[in-house]
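The structure appears below as structure tokens.
The values are calculated or read from the model by the stated rules, or taken from the named source; none is laboratory data. Given the structure is predicted, the values throughout are model-derived calculations rather than measurements. Note that we place each Cβ from the backbone using ideal geometry, even for glycine, and neighbour counts take in every protein chain shown. Please note that ligands, DNA and RNA were not included when accessible areas were found on the heavy atoms of the full protein model with its side chains. Shrake-Rupley method; radii C 1.70, N 1.55, O 1.52, S 1.80 Å.
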Amino acid sequence: MHTVSEARLVTLEEYIIQSQNRFPGAKGELSQLLRDIGLAAKIISREVNKAGITNILGVDGSKNVHGEEVKKLDVFSDHQLISALERSQITCMVISEENDGIVRLSSKGGKYIVYLDPLDGSSNIDVNVSVGSIFSIYMREARFDPTVKESDALQPGVRQVAAGYVLYGSSTTLAYTTGLGVSLFTLDPSIGEFILCDRNIKIPQKGYIYSINEGSYNTWDLGLKKYIKYCQEDDPDTGRPYTARYIGSMVADVHRTLIKGGIFIYPHSSRYPEGKLRLMYECNPLSMIIEQAGGMASNGERRIMEIEPTAIHQRTPIYMGSPSNVRKALDFLVEYAEEKSMA
Ligand code: AHG
Ligand code: MN
Ligand code: MN
């Protein structure tokens with residue numbers, strides 16, 4: 001039976017049409033990209049949900065129960081997203097975690113460049129924990145140069161025209177921004193549609209959760225060690241000790257941070273001198289989402305989205321989340337900057 005509230009549901013498709021109508025003259029190409037990514041996400045979501053049955057988590061080239069060759073889910077996700085982008089002929093190049101070099105699409109004159117982490121947190125698949133897809137969209141500036149080059153893609157995060165992620169969790173959630181706030185959708189599997197849940201989600205100014213791989217404590221700089229000790233101190237007036245939460249899928253950890261507030265950190269360390277996470281397809285897009293929701297994202301010294309990239313797969317440390325928490329962490333880094341030695 002249909003209820004009145006069901007009738008008012010806004011699907012991703014309706015949202016796209018409404019957004020386009022707000023900008024008369026817009027050709028709707030960016031909307032087409034979102035539509036393509038939404039479709040690929042539904043297919044990936046379906047495969048993620050049945051990963052155990054189909055044995056698709058197997059190592060690339062292994063056989064599934066039907067004796068067929070199976071691909072790892074991150075390779076599968078990469079193919080789904082790239083073929084969705086190829087179909088609409090408006091993207092000239094894709095850069096993905098799964099491909100060492102740039103992937104040129106057939107539309108050489110296509111105006112968009114898309115970065116992808118097709119499946120983030122993929123090691124979590126084996127244990128049925130949330131994973132995600134991340135995307136970041138730029139315009140190609142050298143539109144009339146017939147050769148699409150890697151250097152066309154080396155643009156700072158502030159030049160992203162849109163960014164977002166899909167979280168395959170207890171439900172499948174899509175977060176999207178074009179720089180006018182963050183919209184959130186949830187996939188209703190019974191009708192196969194993403195349903196709009198929030199048009200302008202905001203991160204709490206301050207949160208009470210810190211999220212970091214604390215097993216690496218001994219590899220951190222002193223300022224970070226001191227900040228984490230600060231988070232653990234007992235001071236009910238300021239809401240401490242904070243709660244520790246670390247899923248190990250950046251999308252899932254950042255999504256929780258967006259909704260509940262707090263801080264997510266992947267620092268540089270003696271093990272990962274440049275940090276572990278990738279600037280172009282992990283940190284920039286998630287920073288755009290967090291900033292558009294009123295949060296902050298820094299590499300410890302400067303805004304993530306202002307970093308001038310020099311390589312498509314480069315890494316960066318990241319401190320992101322509620323502004324109050326991020327500022328506090330940065331204060332600790334400055335205070336102990338001279339004492340890089342371990343505590
Ligand atoms: P990916 O699965 O795309 O390679 O990314 C994994 C990343 C990220 O999702 C997560 O935040 C981080 O690796 C976890 O790293 P640690 O296990 O070192 O904490
Ligand atoms: Mn990743
Ligand atoms: Mn990945």
Would you check if there is a residue in segment 306-317 being within 21 Å of Asp120 (Cα to Cα), of a type in the set (Asp, Glu), away from ligand 1 (no atom under 12 Å from the Cβ) and not in a helix (DSSP H, G or I)?
-> no
Segment 283-294, residues that are within 26 Å of Lys225 (Cα to Cα) and open to solvent by 10 Å² or more (accessible area, probe 1.4 Å) = Glu291
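Among residues belonging to segment 120-145 that are part of a loop (DSSP other than H, G, I, E, B) and open to solvent by 20 Å² or more (accessible area, probe 1.4 Å), point out the one that is farthest from ligand 3 (Cβ to nearest atom).
Top of the filtered list is Phe144.
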Every residue from segment 169-192 that is touching a helix residue (DSSP H, G or I) at 6+ places or on another chain (Cβ under 9 Å), more than 27 Å from Met139 (Cα to Cα) and open to solvent by less than 60 Å² (accessible area, probe 1.4 Å) = Gly169, Thr172, Leu187, Gly192
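Results for (1) among the basic types (Lys, Arg); (2) crowded, with 19+ Cβ neighbours inside 10 Å; (3) at pLDDT 65 or above, shown as yes or no for each residue.
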residue: Ala26; (1), (2), (3): no, no, yes
residue: Ala41; (1), (2), (3): no, yes, yes
residue: His66; (1), (2), (3): no, no, no
residue: Glu69; (1), (2), (3): no, no, no
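So, Gly275, is that one open to solvent by less than 20 Å² (accessible area, probe 1.4 Å) and in a loop (DSSP other than H, G, I, E, B) or not?
The answer is yes for Gly275.
Grab the strands (runs of 3 or more DSSP E) fully contained in segment 168-218, keeping just those with 2 or more residues being over 16 Å from the mean Cα position of the chain (by Cα) and over 16 Å from Ser45 (Cβ atoms).
193-198, 209-211
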Sort out which residues of segment 73-97 are open to solvent by 10 Å² or more (accessible area, probe 1.4 Å), at pLDDT 95 or above and hydroxyl-bearing (Ser, Thr, Tyr), and write them in order of number.
-> Ser83
So how many residues does segment 261-272 have that are under 15 Å from Ile247 (Cβ atoms) and either part of a helix (DSSP H, G or I) or more than 11 Å from ligand 2 (Cβ to nearest atom) (or both)?
-> 4
Can you tell me which residues in segment 85-123 are free of Cβ contacts under 8 Å to residues at least 60 places away in the same chain, within 16 Å of ligand 2 (Cβ to nearest atom) and hydroxyl-bearing (Ser, Thr, Tyr)?
-> Ser122
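Output the number of residues of segment 98-119 satisfying the condition of being more than 16 Å from ligand 3 (Cβ to nearest atom), among the hydrophobic types (A, V, I, L, M, F, W, C) and open to solvent by less than 20 Å² (accessible area, probe 1.4 Å).
Step one: list which residues in segment 98-119 are more than 16 Å from ligand 3 (Cβ to nearest atom), which gives 101-102, 104-113.
Within this subset, residues satisfying the condition of being among the hydrophobic types (A, V, I, L, M, F, W, C) are 102, 105, 113.
With open to solvent by less than 20 Å² (accessible area, probe 1.4 Å) added as a condition, the list becomes 105, 113.
Total meeting the criteria: 2.
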Would you be able to tell me the number of residues in segment 218-239 that are closer than 16 Å to Asp331 by Cβ, of a type in the set (Val, Ile, Thr) and open to solvent by 10 Å² or more (accessible area, probe 1.4 Å)?
-> 1
